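Inspection log for the structure reproduced underneath, given as structure tokens.
The values are calculated or read from the model by the stated rules, or taken from the named source; none is laboratory data. These numbers were taken from a predicted model, which means no experiment stands behind them. For neighbour counting, all protein chains shown are included, and Cβ atoms are generated from backbone atoms with ideal geometry for every residue, glycine included. In case anyone asks, the SASA skips ligands and DNA or RNA and just uses the protein heavy atoms, side chains included. Shrake-Rupley method; radii C 1.70, N 1.55, O 1.52, S 1.80 Å.
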Amino acid sequence: YEEVLSFSEADYEGARLPHDDPVVVTLLVELFTMKRILVDSGSSTDILYKHAFDQLRIPVDHLKLVKTTLVGFAGEMVHPLGSIDLSVVAGTAPRQTQVQMT
């Protein structure tokens, strides 16, 4: 059974339509609450900035080497420090889900 996520007219209160505002959420990542996570469905990768990674207190040697170059938001070439699999929890019990994200 998959629950439907829907929005009512009350959810649009204060929003000017039409709009293409980004979706920003709060998630539990490796038992830390991360606020202001930008959800960009058009992106081909999931990015965790170094400052946020450092706050998770995960040793840098846990990163897996990647040889992929990314294109930054301003069109510049960015070399990632590595990749890592993290546990991510969305929602609250009893309506929550946990996934592993790279």
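So how many residues does segment 38-97 have that are without any contact (Cβ under 8 Å) to a residue 24 or more places away in the chain, under 21 Å from residue 25 (Cβ atoms), hydroxyl-bearing (Ser, Thr, Tyr) and assigned to a loop (DSSP other than H, G, I, E, B)?
Within segment 38-97, residues that are without any contact (Cβ under 8 Å) to a residue 24 or more places away in the chain, under 21 Å from residue 25 (Cβ atoms), hydroxyl-bearing (Ser, Thr, Tyr) and assigned to a loop (DSSP other than H, G, I, E, B) number 4.
Consider residue 58 against the criteria (1) modelled with pLDDT of 85 or more; (2) open to solvent by 100 Å² or more (accessible area, probe 1.4 Å); (3) not hydroxyl-bearing (Ser, Thr, Tyr): it satisfies all of them except one. Which criterion is unmet?
That leaves (2) as the condition not met.
Going by the structure shown, is residue 12 open to solvent by less than 100 Å² (accessible area, probe 1.4 Å) and among the hydroxyl-bearing types (Ser, Thr, Tyr)? Full working, then the answer.
Working: open to solvent by less than 100 Å² (accessible area, probe 1.4 Å): yes; among the hydroxyl-bearing types (Ser, Thr, Tyr): yes.
So residue 12 passes the test.
Is there a residue being open to solvent by 100 Å² or more (accessible area, probe 1.4 Å) and out of contact with any helix residue (DSSP H, G or I) (no Cβ under 7 Å at 6 or more places or on another chain) anywhere in segment 81-91?
No: zero hits.
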